[in-house]
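> For reference, the structure I am asking about is given below.
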Amino acid sequence: MGDEITYVVNLNINFTNVCTKRCLFCAYSVPSNSTHGYLRYSSDYFKEMIAKTSPYQITEVCVQGGIHPSLNFEIYSEILTNLRKVAPHLHIHAFSPQEILNAAQSAKLDIDDVLHEFKKFGLNSMPGTAAEILDDKIRKKICPNKLSTSEWREIIEIAHQSSIPTTATILFGHIENWHHWITHLSLLKEIQENTNGFSEFIPLPFIAKKTNLKVQYQDELLSLHTLDYLKFYSVARLYLGALFHNIQTSWVKLGIPLCQATLHAGCNDFGGTLFAENITRSAGGKFGEYQTPEMLQSYIKQMNRPYRERKTLYD
């Protein structure tokens, strides 16, 4: 992949923290009757959020949220419309496969029809989140109300066939094992061989501190150390090979020193500036909500590696 390390100047927007799925690994979401719940998607809200990043010239806005009981196809469409209205120049990277499924079910539409409409409203690419571990036995424990492995795969493949690129993710380091990691990577590899629609692979280490998963499965939780993380990234690079040109580290999850180490172990992308990261912080993450472009550049310089700002799809 070469010595060059890339990064993207982006803004992360979580438009609702209310979620009916109640996944055990998530400490960010709240039930629908919570007094702390919110749902924000007006043009003024998006304009205000983007204005906060004005000194940094973001090129991407990443938009995801919980599965709020009020959300339907029309509201998802309005989110895209409002966002495109205030940010006609930005790449809109939005909606996990779970959110796409929710939109389709609410309107009784096929997945490809939903994606076709969302493209018209401004969707450029999708995060391949909601994957966690693509093994239904593990999913039934950590996210029993979420879409199945086959549903995740179907939505991702339809997106790729619809010329909507996606990322690929994994949530690792909870109650799974190496067998589940390889099953997950094998599925991603198979999809990429068929569609070439993944822009990057993003391994996401599990942060247990404030989650119900830690409470209910404390005796089963993995205890990963620095070497374990480096092994994971190295194995992912070797196994995925040339099919995945880009593997992204996670400063939000790992912190800067360990991120720098992963860039010697197979990763070639530092991720994004984010500017408003809520999910990891809610779970007990302690590495901040944003990094400026200058900060990301300085971390890469410390490694004597060349850096390049990229756009969402690495152009």
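The values are calculated or read from the model by the stated rules, or taken from the named source; none is laboratory data. None of these values were measured; they are calculated from a predicted model. Ideal geometry is used to build each Cβ from the backbone, glycine not excepted, and the neighbour counts take in all protein chains shown. Calculation scope for accessible area: heavy atoms of the full protein, side chains included, ligands and nucleic acids excluded. Shrake-Rupley method; radii C 1.70, N 1.55, O 1.52, S 1.80 Å.
> Go ahead and estimate [θ] at 222 nm for the chain from helices alone: -39,500 (n - 2.57) per DSSP H run with n ≥ 4, summed, over the residue count, rounded to 500.
-12000 deg cm²/dmol
> Strictly greater than 20 Å: what percent of every Cα pair in the range 154-294 meets that?
So the pairs more than 20 Å apart make up 51 percent of the total in the range 154-294.
> Projected onto the charge dipole of the chain (+1 at Lys/Arg Cβ, -1 at Asp/Glu Cβ, origin at the Cα centre), which of H179, I100, S42 gives the Cα projection farthest towards the positive end?
Ranked along the dipole, the leading option is S42.
> Can you pull the percent of the range 35-99's accessible area that's carbon plus sulfur, 1.4 Å probe, other chains left in place?
The value for the range 35-99 is 51 percent carbon and sulfur by accessible area.
> At 1.4 Å probe size, with every protein chain present, just tell me what the per residue accessible area of the range 4-100 comes to in Å².
Accessible surface, normalised per residue, equals 39 Å².
> Leaving out same-chain residues fewer than 8 places away, which lysines sit with a Cα under 17 Å from that of K119?
Correct list for K119: K85.
> Relative to the present Cα-Cα distance, how much length would full extension add between T195 and N145 at 0.36 nm per residue of separation? List each step's numbers first, then the result.
Numbers: separation 50, 0.36 × 50 = 18.00 nm, distance 2.79 nm.
Extra length available between T195 and N145 comes to 15.2 nm.
> Taking the alpha carbon gyration tensor of the range 94-197, what are the square roots of 5 times its eigenvalues, largest first, to the nearest whole Å?
Rounded to whole Å, the semi-axes are 24, 16, 10.
> Continuing with this model, one more query. Can you give me the accessible area per residue for the range 183-246, using a 1.4 Å probe, in Å²?
Value returned for the range 183-246: 52 Å² of accessible area per residue.
> Could you work out Rg/(2.2 N^0.38 Å) for the range 136-236, with Rg from alpha carbons only?
Values: Rg = 14.6 Å, N = 101, 2.2 N^0.38 = 12.7 Å.
Ratio of Rg to 2.2 N^0.38 Å for the range 136-236: 1.15.
> Something else about it: Taking each pair of different alpha-carbon atoms in the range 1-148 once, compute 1/r for the pair, average those values, and report the inverse of that mean as the Kirkwood hydrodynamic radius in Å to one decimal.
By the Kirkwood definition, the hydrodynamic radius is 16.4 Å.
> Moving on to the next point. So what are the three principal axis dimensions of the chain from its Cα atoms, in whole Å, longest to shortest?
Dimensions of the chain along the principal axes of its Cα atoms: 46, 45, 42 Å.
> Apply the Kirkwood formula to the range 209-251: the hydrodynamic radius equals the inverse of the mean of 1/r over all pairs of different alpha-carbon atoms; give it in Å with one decimal.
Here the Kirkwood hydrodynamic radius works out to 12.7 Å.
> Still on this structure: Along each of its three principal axes, how wide is the spread of alpha-carbon positions in the range 39-97, in whole angstrom units, largest first?
Projected onto the principal axes, the Cα atoms of the range 39-97 cover 36, 23, 17 Å.
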